[in-house]
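Notes for the one structure printed next.
The values are calculated or read from the model by the stated rules, or taken from the named source; none is laboratory data. Here the structure is a predicted model, which is why all the values come from computation and not from measurement. Ideal geometry is used to build each Cβ from the backbone, glycine not excepted, and the neighbour counts take in all protein chains shown.
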Amino acid sequence: MISQNLYHHLINRASGWHPRGQRHPSASQYLNYQREFYKSITPSLTIQNVDKPLVYLRKFTPDGQLLLGFSYDQCHLEVFKYQGVGYVMDLLLTQQGECVTASDSSLYSLHIRQCIFERMLKRVYCLRLVKQSGPFKSHINREFSAFFRDGTFVLLAAVSESYSSFDSFKRLVEYADLWDDIDHFNYTFFLVNLKSGIVSDKLIYNDDSLMLSHNRSVSVYEHTLAILSNCRQCIDLTQIDSNGKFKRLFTLGPFGSDLDRERILSTQQPSSCVYHISTESFDTLPLSHLKQKILSYMYRNIMETEDKSIRLKKLKDFYFNFSHVERMLISKMQLLDNNNIFMRYESRPTLLTEERSSADTLNKNKISFPLYVIYNISEQTILKIFPKNSVQLLYILRNFCDDFRNVRSLQNQLPSSSPNNNVYFRAAFDLAISSIPGGQLEAASRFNSTLPITSQSFSTSPYLDYSLFNYDDRLISAWERPKVNILTPICFRDRIANDIKFRLFLETSFKNGQRATEDSGLRMSQRELVTFIFHPYEPFIISIQKVCRGYTINFHIYNKRSRFKVQIPYNIVYKI
């Protein structure tokens, strides 16, 4: 039996002593074992319905020093300094339970809920980003943020309504893959220096369409920023310098680079459209650069087939699907590194009944979307195209998941738990693949749909380490997305000893003032969601619940006096 004593954990970490008695274990074992002491320092106390200012809480900075939020009018950035759990220990001197419930009306509980936010999170400054003036109101997108240079700079975005104009029409002429059947808005990106509290630079997109929620249209790798325009169907590449300024690189889509654009412009003659409006630039190209590269890659692969009959059949399918490939759209993308970009192509939506029915009759030969494309920026070549149900891509995701997520702890450089780095997570991943009806092809279709992965959407909190704790990742996970609220507490068990280390109580974790019983089980409310904000390394978790038209926040913090009052059976906690 391995000791669960905090003192022993600290001694073993300092001496490099492995629990199996092996001194100086392998690097991977040591990196996992050095976090064992987190089992003794857990966020074991829940404080429900904490009094908070009128602010939407967003995320901690990578160093854990600051917490970002937005004002209720979504015009200001609110920055709070994290004081630490030690600043509230005097409030919890007599608190021995696991939860300070929202229904507890005692003066002691009210005092804790009223004071704990201001004690733990001290407001540093409030920065106004947008002004509500003019006919079109702007607001900050509170589901978007991206950090640069270890959290020194943060990228935020504001959105306002737009209207089509003649100038915007002329600007869009050069884009061959234009998708104008969507709403257009005006976007302003703010690069904020969190240390000085000023806006370092701005980036403006007018009459465009971007999906900002959860960073879907924005990808970050080191100091490179990629922005996908759904309307123009192109990717704008920008670099962030050390002074916090945007440095435009080029636009990838209609052309491979600015040099290609200049060469094509120099070979074309000015023309006018049917309405005698001079474009003064050039005629719209029949195919964009990316589409031409994709079609060329497909054709070359077909021509390399040695069997003539198979090659002719593939050529027939290629020509049949040519129009579908020509009209497909980039739905998502991510930077794999500074030189490679990963894109997902979807079929273009259509409302024509005849087109859909004719496509269904020849469904056997029709290409199956989505398609996954890896493109090399410097060499301007397609490296690989994966179909929807590619088993090869499935196992690339399994074995190189950390390269897709591209997130590591700033404190110890460890990634979040994934099939790539964790044997328990890999076993769960393999079990999920084998349990899907339809075999590996169906499993590939389901798991590949999670790609590309949006930037900075995974937490590196040690309390989500699958090597340390066992928990139901359907209820809480490192993926920063809303989860379904449940009636019972979320339990974290020791991975080896299998005993409960701590529990997270949400607003619905109590029923009529009592803990959820076996009869209530894990009944879920499909309308209630909860979002978790994890501190990068300290025992502090914030849960945000939507109640009616407002939001309730709960604090889950470390308290050495908290003890379990009732043990919940294992089969009830994980039974859904």
Selected residue (criterion: farthest from Leu464 (Cα to Cα)) from residues of the stretch 408-419 that are surrounded by fewer than 19 Cβ atoms within 10 Å (Cβ to Cβ) and free of Cβ contacts under 8 Å to residues at least 60 places away in the same chain:
Gln413
Checking Leu529 against (1) in contact with a Pro (Cβ under 7 Å, 6 or more places away or on another chain); (2) modelled with pLDDT of 90 or more; (3) surrounded by fewer than 22 Cβ atoms within 10 Å (Cβ to Cβ), the condition it does not meet
(2)
Going by what's in this entry, would Leu68 be described as among the hydrophobic types (A, V, I, L, M, F, W, C), buried (at least 20 other Cβ atoms within 10 Å of the Cβ) and touching an Asp or Glu at 6+ places or on another chain (Cβ under 9 Å)?
yes
Leading residue by the ranking (surrounded by the fewest Cβ atoms within 10 Å (Cβ to Cβ)) among those in the stretch 383-396 that are over 12 Å from Tyr345 (Cβ atoms) and among the aliphatic types (A, V, I, L, M)
Leu383
Looking at the stretch 101-115, which of the residues that are among the polar types (S, T, N, Q) and in a helix (DSSP H, G or I) is surrounded by the fewest Cβ atoms within 10 Å (Cβ to Cβ)?
Gln114
Being at pLDDT 50 or above and of a type in the set (D, E, K, R) is the requirement here; does Lys511 meet it?
no
When every residue in the stretch 145-164 that is closer than 15 Å to Gln239 by Cβ and assigned to a strand (DSSP E or B) is compared, the one nearest to the chain's Cα centre (by Cα) is Ala146
Might you check whether a residue that is in a helix (DSSP H, G or I) and either at pLDDT below 90 or loosely packed, with under 15 Cβ neighbours inside 10 Å (or both) occurs anywhere in the stretch 92-100?
yes
Any chance the stretch 116-129 includes a residue that's loosely packed, with under 12 Cβ neighbours inside 10 Å and either more than 29 Å from the chain's Cα centre (by Cα) or assigned to a loop (DSSP other than H, G, I, E, B) (or both)?
no
List every residue pair whose Cβ atoms sit under 9 Å apart, with the two residues 6 or more apart in sequence or on different chains, where the first one lies in the stretch 188-214 and is part of a strand (DSSP E or B) and at pLDDT 90 or above and the second, anywhere, is of a type in the set (Val, Ile, Thr) and surrounded by fewer than 15 Cβ atoms within 10 Å (Cβ to Cβ).
Thr188/Ile204; Phe189/Ile204; Val192/Ile198
